[in-house]
Amino acid sequence: MKNDLYIQNSLTRQKELFKPINEGFIGMYVCGPTVYSDVHIGNCRTFVSFDVIYRYLKYIGYQVRYVRNITDVGHLTDEGEDKMSKGAKLAKLEPMEVAQKYTVGFHDMMRIFNTLPPDIEPRATGHIIEQIEMVQQIIDNGLGYERNGSVYFDTIKFAKEQDVYGKLSGRKIDDLFTETRDLKNQSEKNHPSDFAIWMKASEDHILRWNSPWSVGFPGWHLECSAMSTKYLGKQFDIHGGGNDLKFPHHENEVAQNHGACGCHPANYWIHTNMLEMNGRKMAKSDGNTITPAQLFSGDSPHISKAYSPMIVKFFMLQAHYGSTLDITDKGLQDAEKGYHRLMEANALLQKMEASDSDITSELDTEINATIDKAFQQMSDDFNTPMALARLFELVPKINGISAGHLSMDDVNTDTLEKLKSTFHSFIYDIFGLLDDVVGGANGNGVTDGLMELIIDLRQNARVNKDWGTSDKIRDTLQELQIQLKDGKEGTTWSKN
RNA sequence: GGUCGCGUGGCCGAGUGGUUAGGCAGAGCUCUGCAAAAGCUUGUACGGCGGUUCGAAUCCGUCCGCGACCUCCA
């Protein structure tokens with residue numbers, strides 16, 4: 001089952017065989033959210049993607065330390081104003097109040113999507129000392145310079161000394177010389193491509209700390225370098241984030257790590273791609289956006305109905321993390337049906353009893369081959385759509401056995417167990433889906449009991465050919481979003 | 001303008017130098033009191049034009065279209 005793992009490495013632009021620095025252990029750092037507003041559905045996709053990666057790494061037996069930060073300082077807007085204090089002024093709240101509010105909201109959303117919490121979730125404001133130390137190291141190594149209390153990273157000197165800057169984001173250093181965008185404090189810098197690692201605070205800047213250079217605050221890119229180094233070491237295995245962070249954030253992070261520690265921080269860089277809606281980038285400015293809450297409530301002009309978090313998650317899993325994914329109402333509707341089909345097949349499967357068979361049939365061979373393929377494809381750069389496709393190939397087999405079309409006698413006892421554990425592992429352990437579909441799955445005794453009673457009454461009516469009563473039960477339940485399914489073995493139910 | 005990526009059947013979305021992705025939708029059939037669900041069967045494809053090759057949707061070139069990034073961004 002433990003196939004070799006291959007990862008598409010953004011650093012080399014190649015799919016590479018994964019080899020951890022320390023056998024059996026993985027250090028993974030993922031850039032977390034800036035907590036100055038409600039979490040965006042695009043953020044959710046990124047963190048769902050990395051959750052699946054985290055879960056799979058653990059599933060195949062690694063001990064993983066997953067570090068995902070909370071950015072609560074230093075992330076600048078175009079106006080040069082700190083996002084935290086900007087939000088605070090607008091809402092008349094303390095900056096940390098704003099950070100706290102949206103951090104809690106973020107955690108709630110991550111829980112709703114059933115993602116696992118990271119092993120360490122450090123905050124930028126909790127690591128000011130580490131960041132100041134890193135600035136000092138960069139200065140000591142000759143790659144940082146101070147101007148009027150702010151400290152800048154010397155990208156030109158770094159680029160001349162080592163052929164590193166620009167490698168990750170595929171930027172040529174020459175292009176950096178032609179950068180023309182006009183930004184605040186640009187004149188203080190030796191060169192436009194230099195970036196702040198410590199910023200002197202202006203009078204009205206609320207978030208500020210003492211430092212050897214000025215009362216100020218750390219540059220945005222610094223926190224990730226400082227915290228990844230602190231918790232994972234100077235060199236670790238995987239660094240992840242949305243691909244919009246490649247430049248400048250990740251590129252600058254790499255520069256800082258070189259500047260402070262003289263080495264490249266991560267062996268494998270994983271970048272997730274963007275979520276679009278109706279073929280265009282999501283943007284609040286032109287209304288082409290939807291919030292997680294709107295998806296769950298259906299309260300948006302872009303969708304026709306509500307979609308549960310698990311449907312949205314399943315929809316995301318149908319695309320590879322490295323591809324852009326287009327949210328459309330139709331796409332979500334299709335995902336809903338597919339998700340139900342998978343969960344219902346799983347419910348049937350988990351109830352199946354083996355028939356003590358040890359024969360090797362064609363069906364048996366096919367099931368085993370498909371299972372192996374599913375894991376093999378999941379190990380090929382975490383290809384969730386391919387793994388899902390393999391599970392869907394197995395669904396007709398499960399339904400076929402259940403319907404009596406295929407025979408359980410053709411399935412080896414061991415194979416059935418393997419099939420059960422494969423479905424369970426993928427659905428719950430690896431994809432992190434929850435079952436909000438199949439009746440009885442949530443262990444709600446009262447509901448299950450009532451449903452059993454209703455199904456029993458309807459069955460009596462049907463035996464007596466009292467179609468009026470049986471159809472009334474069926475139609476009324478239908479209105480309550482409960483679907484009855486008459487099969488050979490009796491009637492089951494599920495929620496729509 | 002620069003850099004990178006993409007263009008697959010009605011829709012979404014994988015993948016590969018020659019062999020079925022998968023989901024949803026469609027068609028036919030089976031089952032069913034009628035349905036639903038389920039099962040079986042089935043059609044439609046790789047942006048245009050060149051090139052490499054025994055063979056390309058898959059490699060190369062070019063054109064067209066789309067998107068992302070270029071110090072707000074997951």
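Readers should treat all values here as calculations from the given coordinates under stated rules, not as data from a laboratory. If you're wondering where the values come from, they're calculated on a predicted model, not measured in any experiment. Using ideal geometry, Cβ is built from the backbone for each residue, glycine included, and neighbour counts are taken over all protein chains shown.
Note that segment A:264-272 has calculated 3J(HN,Hα) couplings of 7, x, 10, 7, 10, 10, 10, 10, 8 Hz, one per residue in order, obtained from phi through the Karplus relation 6.51 cos²θ - 1.76 cosθ + 1.60 (θ = phi - 60°); glycine and proline are x.
Rounded to the nearest 10 degrees, the inclination of helix A:251-261 to the longest alpha-carbon principal axis of chain A is 60 degrees. Can you give me the angle between helix A:128-140 and the longest principal axis of chain A, using Cα atoms only, in degrees from 0 to 90, rounded to the nearest 10? For A:128-140 against chain A, the angle is about 50 degrees. Approximating the spin labels as points 7 Å out from Cα along Cα→Cβ, the A:D163-to-A:L457 distance works out to 7.9 nm.
In this calculation the C-beta distance from A:R280 to A:D119 is compared with R0 = 56 Å, giving a FRET efficiency of 0.95. Note on segment A:356-462: with charges restricted to the Cβ of Lys and Arg (+1) and Asp and Glu (-1), its dipole about the Cα centre is near 420 debye. Of A:D358, A:D486, the sequence from fewest to most neighbouring Cβ atoms within 10 angstrom is A:D358, A:D486. By the count of other C-beta atoms within 10 Å, a proxy for reagent exposure, A:Y102, A:Y231 are ordered fewest to most as A:Y231, A:Y102.
Helices in chain A, meaning DSSP H runs of at least 4 residues, each add -39500 (n - 2.57). Divided by all residues, the mean residue ellipticity at 222 nm is -13500 deg cm²/dmol. Over every Cα atom in chain A, the radius of gyration and the widest Cα-Cα span, Dmax, amount to 26.8, 91 Å. With neighbour counts taken as other beta-carbon atoms within 10 Å, the residues A:H271, A:H205 rank, fewest first, as A:H205, A:H271.
Computed from point charges on the beta carbon alone (+1 for Lys and Arg, -1 for Asp and Glu), the dipole magnitude for chain A about its Cα centre is near 660 Debye. Shown is the FRET efficiency for A:D436 and A:D140, computed with R0 = 41 Å from the Cβ-Cβ distance and rounded to the nearest 0.05: 0.15.
Using Cα atoms only, what is the angle between the long axis of helix A:329-351 and the major principal axis of chain A, expressed in degrees (0 to 90) to the nearest 10? Result, in degrees: 60.
For the listed peptides A:132-143, A:331-342, a ranking on the average number of other beta carbons within 10 Å per residue, highest first, reads A:132-143, A:331-342. 3J(HN,Hα) along segment A:112-121: 4, 7, 6, 9, 7, x, x, 6, 9, 10 Hz, from the Karplus curve 6.51 cos²θ - 1.76 cosθ + 1.60 with θ = phi - 60°, whole Hz, x for Gly and Pro.
Sparse packing (at most 12 other Cβ atoms within 10 Å of the Cβ) combined with a DSSP loop state is found for the following trypsin sites (Lys or Arg not before Pro) in segment A:381-469: A:K465.
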